[in-house]
There are 2 protein chains.
Amino acid sequence: MIDKCLCKLISEEEIDKILGQLPTDDTIAKLAEFFKVFGDPSRLKLLYFLSRSELCVADLASLAKMGQSAVSHQLKTLRLSRFVKTRKEGTVVYYSLEDMHIQSLFDVALEHIGEEA
Amino acid sequence: MIDKCLCKLISEEEIDKILGQLPTDDTIAKLAEFFKVFGDPSRLKLLYFLSRSELCVADLASLAKMGQSAVSHQLKTLRLSRFVKTRKEGTVVYYSLEDMHIQSLFDVALEHIGEEA
DNA sequence: CTCCTATATGAATGTGTGTTCATATATAGA
DNA sequence: TCTATATATGAACACACATTCATATAGGAG
(Lines give C-alpha, C1' and ligand atoms only; values in the text may rest on other atoms or scores of the structure.)
Protein backbone atom coordinates (compact mmCIF):
# COMPACT_ATOMS: atom_id res chain seq x y z
CA MET A 1 0.00 0.00 0.00
CA ILE A 2 2.84 2.37 0.77
CA ASP A 3 5.60 3.04 -1.68
CA LYS A 4 8.67 5.11 -1.08
CA CYS A 5 8.86 7.15 -4.20
CA LEU A 6 7.33 10.57 -4.07
CA CYS A 7 8.59 11.83 -7.37
CA LYS A 8 7.70 15.35 -6.38
CA LEU A 9 7.11 16.65 -9.83
CA ILE A 10 4.50 18.58 -7.93
CA SER A 11 4.83 20.31 -4.61
CA GLU A 12 3.28 19.25 -1.31
CA GLU A 13 0.87 22.15 -1.58
CA GLU A 14 -0.28 20.96 -4.96
CA ILE A 15 -0.75 17.45 -3.62
CA ASP A 16 -2.88 18.80 -0.80
CA LYS A 17 -4.91 20.84 -3.25
CA ILE A 18 -5.52 17.84 -5.50
CA LEU A 19 -6.47 15.65 -2.56
CA GLY A 20 -8.68 18.37 -1.16
CA GLN A 21 -10.68 18.64 -4.38
CA LEU A 22 -10.92 14.87 -4.77
CA PRO A 23 -14.62 13.96 -4.96
CA THR A 24 -15.88 11.95 -2.00
CA ASP A 25 -15.88 8.17 -2.14
CA ASP A 26 -19.64 8.35 -2.34
CA THR A 27 -19.58 10.60 -5.38
CA ILE A 28 -16.95 8.45 -7.06
CA ALA A 29 -19.00 5.33 -6.38
CA LYS A 30 -22.08 6.96 -7.91
CA LEU A 31 -20.06 8.01 -10.95
CA ALA A 32 -18.83 4.45 -11.42
CA GLU A 33 -22.38 3.10 -11.12
CA PHE A 34 -23.49 5.64 -13.69
CA PHE A 35 -20.94 4.55 -16.28
CA LYS A 36 -21.29 0.86 -15.46
CA VAL A 37 -24.84 0.99 -16.79
CA PHE A 38 -23.49 1.93 -20.21
CA GLY A 39 -20.82 -0.73 -20.08
CA ASP A 40 -23.03 -3.49 -21.45
CA PRO A 41 -23.92 -4.03 -25.13
CA SER A 42 -27.46 -5.22 -24.39
CA ARG A 43 -28.29 -2.15 -22.37
CA LEU A 44 -26.76 0.09 -25.02
CA LYS A 45 -28.97 -1.51 -27.66
CA LEU A 46 -32.08 -1.05 -25.54
CA LEU A 47 -31.18 2.59 -24.92
CA TYR A 48 -30.66 3.10 -28.63
CA PHE A 49 -34.11 1.76 -29.45
CA LEU A 50 -35.69 3.84 -26.71
CA SER A 51 -33.90 6.90 -28.05
CA ARG A 52 -35.95 6.42 -31.22
CA SER A 53 -39.36 5.50 -29.85
CA GLU A 54 -41.36 4.58 -26.81
CA LEU A 55 -41.58 0.78 -26.84
CA CYS A 56 -43.06 -2.09 -24.85
CA VAL A 57 -41.01 -4.91 -23.38
CA ALA A 58 -41.92 -7.50 -26.00
CA ASP A 59 -41.06 -5.15 -28.84
CA LEU A 60 -37.73 -4.32 -27.27
CA ALA A 61 -37.00 -8.02 -26.95
CA SER A 62 -37.93 -8.55 -30.57
CA LEU A 63 -35.85 -5.61 -31.83
CA ALA A 64 -32.83 -6.43 -29.70
CA LYS A 65 -33.13 -10.17 -30.34
CA MET A 66 -33.11 -10.86 -26.62
CA GLY A 67 -35.21 -13.01 -24.34
CA GLN A 68 -38.12 -11.36 -22.58
CA SER A 69 -36.64 -12.08 -19.17
CA ALA A 70 -33.24 -10.69 -20.04
CA VAL A 71 -34.85 -7.51 -21.33
CA SER A 72 -36.96 -7.17 -18.22
CA HIS A 73 -33.94 -7.58 -15.97
CA GLN A 74 -31.96 -4.98 -17.89
CA LEU A 75 -34.88 -2.57 -17.95
CA LYS A 76 -34.99 -2.88 -14.18
CA THR A 77 -31.36 -1.80 -14.04
CA LEU A 78 -32.11 1.14 -16.31
CA ARG A 79 -35.15 2.05 -14.21
CA LEU A 80 -33.22 1.94 -10.93
CA SER A 81 -30.56 4.23 -12.35
CA ARG A 82 -33.28 6.58 -13.61
CA PHE A 83 -32.44 6.36 -17.29
CA VAL A 84 -35.87 5.16 -18.37
CA LYS A 85 -39.43 5.67 -17.22
CA THR A 86 -42.53 3.53 -17.69
CA ARG A 87 -46.14 3.98 -18.69
CA LYS A 88 -48.60 1.17 -18.06
CA GLU A 89 -51.55 0.40 -20.29
CA GLY A 90 -53.40 -2.75 -19.34
CA THR A 91 -50.81 -5.48 -19.14
CA VAL A 92 -48.45 -3.69 -21.48
CA VAL A 93 -45.64 -1.57 -20.05
CA TYR A 94 -44.19 1.10 -22.30
CA TYR A 95 -40.64 2.27 -21.68
CA SER A 96 -39.08 5.54 -22.74
CA LEU A 97 -35.94 7.54 -22.02
CA GLU A 98 -35.92 9.72 -18.96
CA ASP A 99 -32.51 11.27 -19.33
CA MET A 100 -31.85 13.16 -22.53
CA HIS A 101 -28.15 13.67 -21.84
CA ILE A 102 -27.53 10.17 -23.12
CA GLN A 103 -27.00 11.19 -26.72
CA SER A 104 -24.20 13.61 -25.85
CA LEU A 105 -22.44 10.84 -23.92
CA PHE A 106 -22.61 8.63 -26.97
CA ASP A 107 -21.22 11.40 -29.15
CA VAL A 108 -18.12 11.77 -27.00
CA ALA A 109 -17.66 8.00 -26.87
CA LEU A 110 -18.05 7.58 -30.62
CA GLU A 111 -15.51 10.30 -31.20
CA HIS A 112 -13.04 8.54 -28.92
CA ILE A 113 -13.40 5.15 -30.55
CA GLY A 114 -13.08 6.81 -33.92
CA GLU A 115 -16.54 6.25 -35.33
CA GLU A 116 -18.64 9.14 -36.44
CA ALA A 117 -22.13 9.61 -35.11
CA MET B 1 -36.35 -15.17 -27.97
CA ILE B 2 -39.54 -14.57 -29.94
CA ASP B 3 -42.57 -12.97 -28.40
CA LYS B 4 -45.94 -12.53 -29.99
CA CYS B 5 -46.72 -8.96 -29.10
CA LEU B 6 -45.86 -6.37 -31.68
CA CYS B 7 -47.53 -3.44 -30.10
CA LYS B 8 -47.19 -1.45 -33.29
CA LEU B 9 -47.13 1.93 -31.69
CA ILE B 10 -44.82 2.47 -34.59
CA SER B 11 -45.18 1.37 -38.17
CA GLU B 12 -43.23 -1.34 -39.96
CA GLU B 13 -41.45 1.34 -41.92
CA GLU B 14 -40.36 3.04 -38.73
CA ILE B 15 -39.13 -0.27 -37.35
CA ASP B 16 -37.10 -0.85 -40.49
CA LYS B 17 -35.66 2.64 -40.24
CA ILE B 18 -34.68 2.18 -36.61
CA LEU B 19 -33.11 -1.20 -37.32
CA GLY B 20 -31.35 0.20 -40.35
CA GLN B 21 -29.70 2.95 -38.34
CA LEU B 22 -28.76 0.60 -35.49
CA PRO B 23 -25.00 0.77 -35.01
CA THR B 24 -23.17 -2.42 -35.89
CA ASP B 25 -22.46 -5.00 -33.20
CA ASP B 26 -18.83 -4.03 -33.45
CA THR B 27 -19.54 -0.38 -32.78
CA ILE B 28 -21.84 -1.23 -29.90
CA ALA B 29 -19.20 -3.51 -28.41
CA LYS B 30 -16.61 -0.75 -28.63
CA LEU B 31 -19.02 1.69 -27.00
CA ALA B 32 -19.60 -0.72 -24.14
CA GLU B 33 -15.85 -1.21 -23.68
CA PHE B 34 -15.43 2.54 -23.65
CA PHE B 35 -17.92 3.07 -20.81
CA LYS B 36 -16.84 -0.03 -18.91
CA VAL B 37 -13.47 1.62 -18.33
CA PHE B 38 -15.22 4.38 -16.37
CA GLY B 39 -17.32 1.90 -14.44
CA ASP B 40 -14.76 1.30 -11.74
CA PRO B 41 -14.04 3.60 -8.76
CA SER B 42 -10.30 2.92 -8.76
CA ARG B 43 -9.90 3.86 -12.39
CA LEU B 44 -12.03 6.97 -11.88
CA LYS B 45 -9.76 8.06 -9.04
CA LEU B 46 -6.65 7.51 -11.13
CA LEU B 47 -8.17 9.47 -13.99
CA TYR B 48 -9.05 12.27 -11.61
CA PHE B 49 -5.47 12.56 -10.37
CA LEU B 50 -4.12 12.43 -13.89
CA SER B 51 -6.54 15.18 -14.89
CA ARG B 52 -4.69 17.38 -12.40
CA SER B 53 -1.09 16.43 -13.02
CA GLU B 54 1.27 14.09 -14.75
CA LEU B 55 2.20 11.45 -12.15
CA CYS B 56 4.34 8.35 -11.75
CA VAL B 57 2.97 4.96 -10.73
CA ALA B 58 4.16 5.12 -7.13
CA ASP B 59 2.65 8.55 -6.59
CA LEU B 60 -0.64 7.43 -8.08
CA ALA B 61 -0.63 4.46 -5.71
CA SER B 62 0.09 6.73 -2.79
CA LEU B 63 -2.58 9.29 -3.71
CA ALA B 64 -5.23 6.67 -4.49
CA LYS B 65 -4.29 4.54 -1.49
CA MET B 66 -3.92 1.50 -3.72
CA GLY B 67 -1.28 -1.18 -4.06
CA GLN B 68 1.42 -0.69 -6.67
CA SER B 69 0.37 -3.79 -8.55
CA ALA B 70 -3.29 -2.84 -8.62
CA VAL B 71 -2.41 0.58 -9.98
CA SER B 72 -0.17 -0.90 -12.63
CA HIS B 73 -2.88 -3.31 -13.76
CA GLN B 74 -5.45 -0.53 -14.00
CA LEU B 75 -3.05 1.76 -15.82
CA LYS B 76 -2.59 -1.00 -18.35
CA THR B 77 -6.34 -1.03 -18.93
CA LEU B 78 -6.33 2.74 -19.34
CA ARG B 79 -3.39 2.51 -21.71
CA LEU B 80 -5.01 -0.16 -23.86
CA SER B 81 -8.15 1.93 -24.19
CA ARG B 82 -6.03 4.96 -25.09
CA PHE B 83 -7.08 7.17 -22.20
CA VAL B 84 -3.58 7.69 -20.87
CA LYS B 85 -0.10 7.94 -22.31
CA THR B 86 3.30 7.34 -20.76
CA ARG B 87 6.66 9.00 -20.60
CA LYS B 88 9.64 7.06 -19.32
CA GLU B 89 12.50 8.62 -17.40
CA GLY B 90 14.99 6.10 -16.09
CA THR B 91 13.00 3.53 -14.17
CA VAL B 92 10.18 5.94 -13.51
CA VAL B 93 7.14 5.93 -15.79
CA TYR B 94 5.04 9.07 -15.86
CA TYR B 95 1.40 8.81 -16.84
CA SER B 96 -0.82 11.54 -18.19
CA LEU B 97 -4.21 11.89 -19.84
CA GLU B 98 -4.42 11.33 -23.55
CA ASP B 99 -8.09 12.05 -24.11
CA MET B 100 -9.30 15.43 -23.02
CA HIS B 101 -12.98 14.64 -23.57
CA ILE B 102 -13.03 12.93 -20.21
CA GLN B 103 -13.99 16.01 -18.24
CA SER B 104 -17.11 16.60 -20.32
CA LEU B 105 -18.19 13.01 -19.69
CA PHE B 106 -17.84 13.56 -15.98
CA ASP B 107 -19.88 16.75 -16.18
CA VAL B 108 -22.83 14.94 -17.77
CA ALA B 109 -22.56 12.12 -15.25
CA LEU B 110 -22.38 14.45 -12.28
CA GLU B 111 -25.43 16.30 -13.53
CA HIS B 112 -27.35 13.03 -13.79
CA ILE B 113 -26.48 11.85 -10.30
CA GLY B 114 -27.35 15.26 -8.97
CA GLU B 115 -23.95 16.49 -7.86
CA GLU B 116 -22.49 19.66 -9.20
CA ALA B 117 -19.06 19.69 -10.75
C1' DC C 1 28.98 -7.09 -11.76
C1' DT C 2 25.78 -6.51 -7.87
C1' DC C 3 22.23 -4.41 -5.30
C1' DC C 4 18.31 -1.55 -5.03
C1' DT C 5 14.33 0.62 -6.81
C1' DA C 6 10.34 1.34 -10.13
C1' DT C 7 7.25 -0.90 -12.83
C1' DA C 8 5.06 -4.82 -15.16
C1' DT C 9 2.99 -9.27 -15.34
C1' DG C 10 1.00 -13.98 -14.47
C1' DA C 11 -1.63 -16.94 -11.42
C1' DA C 12 -4.95 -17.42 -7.93
C1' DT C 13 -8.96 -15.90 -5.59
C1' DG C 14 -13.14 -13.70 -4.38
C1' DT C 15 -16.78 -10.94 -6.02
C1' DG C 16 -19.96 -9.09 -9.32
C1' DT C 17 -23.00 -9.64 -13.30
C1' DG C 18 -25.80 -11.12 -17.60
C1' DT C 19 -28.51 -14.73 -19.19
C1' DT C 20 -31.63 -18.57 -18.76
C1' DC C 21 -35.20 -21.26 -16.67
C1' DA C 22 -39.04 -21.63 -14.00
C1' DT C 23 -42.52 -19.31 -11.90
C1' DA C 24 -45.17 -15.45 -9.90
C1' DT C 25 -48.09 -11.38 -10.61
C1' DA C 26 -51.42 -8.75 -12.96
C1' DT C 27 -54.83 -7.65 -16.29
C1' DA C 28 -58.02 -8.53 -20.13
C1' DG C 29 -61.43 -11.45 -22.21
C1' DA C 30 -64.80 -15.25 -22.45
C1' DT D 1 -64.22 -18.07 -12.50
C1' DC D 2 -61.05 -19.86 -15.88
C1' DT D 3 -57.74 -18.95 -19.45
C1' DA D 4 -54.39 -16.45 -22.00
C1' DT D 5 -51.04 -12.83 -22.35
C1' DA D 6 -47.50 -9.24 -20.73
C1' DT D 7 -44.25 -8.42 -17.49
C1' DA D 8 -41.49 -9.15 -13.30
C1' DT D 9 -38.67 -11.81 -10.31
C1' DG D 10 -35.71 -15.30 -7.90
C1' DA D 11 -32.34 -18.99 -8.27
C1' DA D 12 -28.67 -21.05 -10.74
C1' DC D 13 -24.92 -20.97 -13.78
C1' DA D 14 -21.15 -19.30 -16.41
C1' DC D 15 -18.17 -15.74 -17.19
C1' DA D 16 -15.76 -11.40 -16.40
C1' DC D 17 -12.99 -8.71 -13.47
C1' DA D 18 -10.37 -6.20 -9.54
C1' DT D 19 -7.17 -7.13 -6.17
C1' DT D 20 -3.32 -9.58 -4.05
C1' DC D 21 0.86 -12.21 -3.99
C1' DA D 22 4.91 -13.60 -5.94
C1' DT D 23 8.03 -12.78 -9.32
C1' DA D 24 10.10 -10.88 -13.56
C1' DT D 25 12.21 -7.02 -16.01
C1' DA D 26 14.81 -2.97 -16.39
C1' DG D 27 17.54 0.87 -15.27
C1' DG D 28 20.59 3.55 -11.96
C1' DA D 29 24.02 3.69 -8.20
C1' DG D 30 27.96 1.92 -6.04
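The values are calculated or read from the model by the stated rules, or taken from the named source; none is laboratory data. All values reported here derive from a predicted model rather than from experimental measurement. We place every Cβ from the backbone using ideal geometry, glycine too, and count neighbours over all the protein chains shown. The accessibility values were calculated without ligands, DNA or RNA, using every heavy atom of the protein model including side chains. Shrake-Rupley method; radii C 1.70, N 1.55, O 1.52, S 1.80 Å.
Sort out which residues of segment B:50-72 are closer than 23 Å to A:Lys17 by Cα and exposed (fewer than 14 other Cβ atoms within 10 Å of the Cβ), and write them in order of number.
At the first step, the residues of segment B:50-72 found to be closer than 23 Å to A:Lys17 by Cα are B:50-68, B:71.
Those that are closer than 23 Å to A:Lys17 by Cα and exposed (fewer than 14 other Cβ atoms within 10 Å of the Cβ): B:Lys65, B:Gly67.
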Worksheet, complete the sentence: Within segment B:94-117, of all residues that are closer than 16 Å to A:Pro23 by Cβ and among the charged types (D, E, K, R), the one nearest to the chain's Cα centre (by Cα) is B:Asp107
Response to the item:
Among the residues of segment A:78-100, the number that are open to solvent by less than 70 Å² (accessible area, probe 1.4 Å) and either more than 10 Å from DNA strand D (Cβ to nearest atom) or aliphatic (A, V, I, L, M) (or both) is 9
Discussion item. When the residues of segment A:50-79 are narrowed to those that are closer than 25 Å to A:Val108 by Cα and out of contact with any helix residue (DSSP H, G or I) (no Cβ under 9 Å at 6 or more places or on another chain), which ends up nearest to DNA strand C (Cβ to nearest atom)?
Written reply: A:Arg79
Worksheet item: Can you spot a residue in segment A:82-101 that is at pLDDT 95 or above, charged (D, E, K, R) and more than 25 Å from B:Ser11 (Cβ to Cβ)?
Response: yes
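Being out of contact with any strand residue (DSSP E or B) (no Cβ under 9 Å at 6 or more places or on another chain) and either surrounded by 14 or more Cβ atoms within 10 Å (Cβ to Cβ) or closer than 21 Å to A:Gly39 by Cβ (or both) is true for just one of B:Leu75, B:Leu105. Which residue is that?
On the way: B:Leu75 fails: out of contact with any strand residue (DSSP E or B) (no Cβ under 9 Å at 6 or more places or on another chain).
Every option except B:Leu105 fails the conditions.
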Worksheet item: Do you know which residues across segment A:37-62 are in contact with a Ser or Thr (Cβ under 9 Å, 6 or more places away or on another chain), under 13 Å from B:Lys36 (Cα atoms) and within 7 Å of another protein chain (Cβ to nearest Cβ)?
Response: A:Asp40
Worksheet item: In segment A:82-117, how many residues are within 16 Å of B:Phe106 (Cα to Cα) and either aromatic (Phe, Trp, Tyr) or within 16 Å of DNA strand C (Cβ to nearest atom) (or both)?
Response: 1
Worksheet item: surrounded by 15 or more Cβ atoms within 10 Å (Cβ to Cβ) and closer than 28 Å to B:Glu111 by Cα, is that true of A:Leu47?
Response: yes
